[in-house]
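Coordinate-derived values only; no laboratory data. Fair warning: this is a prediction, and the values are worked out from it, not measured in the lab. Neighbour counts are summed over all protein chains in view; Cβ atoms, including those assigned to glycine, are modelled from backbone coordinates with ideal geometry.
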Amino acid sequence: MYRKLTAAAFVAALICPAAQAETTYIRAGSLFDPATGRVSRDAVIVVEDEMIAAVGDYSTVIPDGANVIDLSESFVLPGVMDMHTHIVGNLDSNFFAGYFQSPHRATIGGVVNAEKTLLAGFTTIRNVGASGYMDVAVRDAINAGEIPGPRMAVSGPGLGITGGHCDRNSLNASFEERGDGVADGPWAVREQIRKNVKYGADLTKFCATGGVFSKGTQVGMTQYTLEEMQAIVDESHTHGRRVAAHAHGNEGIKRAIIAGVDSIEHASFLDEEAIRMGIERGTFFALDIYNTEYTLERGAERGVPEENIEKERQVGTRQRESFTMAVRMGAKVVFATDSGVYPHGDNAKQFSRAVRFGMTPVQAIQSATILPAELLGWDDRVGRIAPGLYADIIAVHGNPLDDIEELEDVDFVMKGGVVYKDQ
Ligand SMILES: [Zn+2]
């Protein structure tokens, strides 16, 4: 895949108008290509403005006085990606903090969390579910260069049935509490998706089953009829938006796959039939196998009610078995952590669990680079270090193929040609 920067290409670069671009040369001691799973030694990455212009080796001609970044002692790889995050809100450690924070305050939390996520090496994320289009605001501020943060694909409010996991159910009826994305019936869900598109959503998130952290829902129970799910998928795809379905229970997972969703979030109670159905239809599975440890260890002190901790106990072990089975059967398993359930910036802790529960280190990195790029439809811009893609590049000191926990301590972060961290 890598194109050597030839002398001719170099001269062409001097002659053409692009020569006015800001050019940076990165020397990479080890360079990982997730497309092939191979490491090349002594590479040079040529970055022009925000894009990768070329990838060559140490024979690449570097002009005198050029801007050079020396990562010759490092292991260099594309910025990693997390396909299930909740970066707005959660400024303090209390489970019910959301009830006492204004949307404006919660959005500022998103600003803080976006930077933490980027500095942990995550240069692209999906944010799946945010009321008041707070995620749209954070994404737009990042894209405008006003605040540091990853590239974001955002859903706006997640769709859900009345009283379902994507609703808000904690308060009694006199409060008339209701989630922003609640919509019942095929036409109501279409209307909500049109509204989300109107206000800037990149994708659709909906709740196909109960969930761990909602009051009164059962993780195994399906929410939405097949007709409603098909309407969600059809309307979203009509607008060029992909669909992420929150689904723990096996029936809800299968119904969502049949409806044609692009990814199953959590995917806790998979069986072989569900995995085969997903493989046949190209459905991605996004299993968040780290956060269960955090919830069981720290949830109670954060005020998580016993009802929800008990649901996590039901889900955690079984979900990891599902992960192992899905990886073994060759399903598309993407890196997705549910950040916000645990502290932002700790996303990379899931890599070691991915390896423990069945992935090779190469697969684990692929699950956070080329696979998410494919899921987002962004494989022409992120996920690899190759000419024509954004210069989203990270580096660690050790070799993560020997010790995957190296990715928990990222030393260098570049996004779009801009260095955000260099230790
Ligand atoms: Zn989530």
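Put simply, the Cα atoms of region 144-281 extend 46, 39, 32 Å along their principal axes, the longest span coming first. Normalised radius of gyration (Cα atoms, divided by 2.2 N^0.38 Å) for region 157-216: 1.13. Fully extending the segment from GLU227 to SER93 would add 44.3 nm, taking 0.36 nm per residue of separation and subtracting the current Cα-Cα distance. For the chain, the longest principal axis of the alpha carbon atoms and the long axis of helix 250-259 meet at an angle near 70°.
When you work out D = kT/(6 pi eta Rh) for region 251-336 at 4 °C and 1.567 mPa s, using the Kirkwood radius from C-alpha pairs as Rh and the Stokes-Einstein form, the result is 97 µm²/s. The spacing between region 250-296 and region 148-187, judged by their C-alpha centroids, is 20 Å.
The Cα atoms of region 45-106 cover 58, 22, 19 Å along the three principal axes, with the biggest extent listed first. Among ASN291, ASN143, ASN127, the largest mean-square fluctuation in a Gaussian network model of the chain (Cα springs under 10 Å) belongs to ASN143.
For the listed residue pairs LYS195/LYS215; LYS116/LYS205; LYS205/LYS311; LYS332/LYS415; LYS195/LYS421; LYS254/LYS349, the alpha carbons are over 32 angstrom apart in LYS195/LYS421. This model, with +1 at the C-beta of Lys and Arg and -1 at the C-beta of Asp and Glu, gives region 115-207 a dipole about its Cα centre of some 260 debye.
For region 187-299, the antiparallel share of DSSP beta bridges with both residues in that region comes to about 10%. For the chain, a simple Cβ point-charge model (Lys and Arg +1, Asp and Glu -1, everything else neutral) yields a dipole of about 660 debye relative to the Cα centre. Packing order of peptides 329-339, 54-64, highest average first: 329-339, 54-64 (average count of other Cβ atoms within 10 Å over each peptide's residues).
Residue exposure proxy: SER352, SER322, ordered by other Cβ atoms within 10 angstrom of their Cβ from fewest to most, comes out as SER352, SER322. Full extension of the chain segment joining GLU405 with ALA300 gains 35.1 nm, where the gain is 0.36 nm per residue of separation less the Cα-Cα distance.
Taking the alpha carbon gyration tensor of region 51-160, multiplying each eigenvalue by 5 and rooting it gives semi-axes of 36, 13, 13 Å, largest first. Working from label points 7 Å from Cα in the Cα-to-Cβ sense, the VAL68 to LYS198 distance is 5.7 nm. The angle between the Cα long axis of helix 226-238 and the main principal axis of the chain comes to about 30°, on a 0 to 90 degree scale.
Take each peptide in 35-42, 80-87, count the other Cβ atoms within 10 Å of every residue, and average; sorted highest first, the result is 80-87, 35-42. Our summary gives the chain a relative contact order of 18 percent, counting only alpha carbon pairs under 8 angstrom and 6 or more residues apart. Averaged over residues, the count of other Cβ atoms within 10 Å places the peptides 363-369, 312-318 in the sequence 363-369, 312-318, highest first. Computed over region 269-423, the percent of Cα pairs more than 19 Å apart is 60. If you average the alpha carbon positions of region 313-360 and of region 379-415, how far apart do those two centres end up, in angstrom? Result: 20 Å between the Cα centres.
Residues whose amide H falls under 5 Å from that of MET51, counting only those 5 or more places apart or on a different chain, are ALA391, with hydrogens built in the peptide plane. Between GLU191 and GLU307, full extension at 0.36 nm per residue minus the direct alpha carbon distance yields a gain of 38.5 nm. Just name one of HIS246, ILE264, GLN230: the one whose Cα is farthest towards the positive end of the charge dipole of region 189-313 (beta-carbon charges, Lys/Arg +1, Asp/Glu -1). After comparing all options, I get GLN230. Extending 7 Å from the Cα toward the beta-carbon at both SER174 and GLN423 defines two label points whose distance is 5.2 nm. For region 396-417, backbone nitrogen atoms closer than 18 Å to the point 7 Å from GLU22 Cα along Cα-to-C-beta are found at 413-417. The DSSP beta bridges internal to the chain are antiparallel in roughly 45% of cases. Normalise the Debye intensity by I(0) for the chain, one equal point scatterer per Cα, no solvent, then take log10 at q = 0.11, 0.12 Å⁻¹ and round to two decimals. Log10 I(q)/I(0), no solvent term: -0.79, -0.93.
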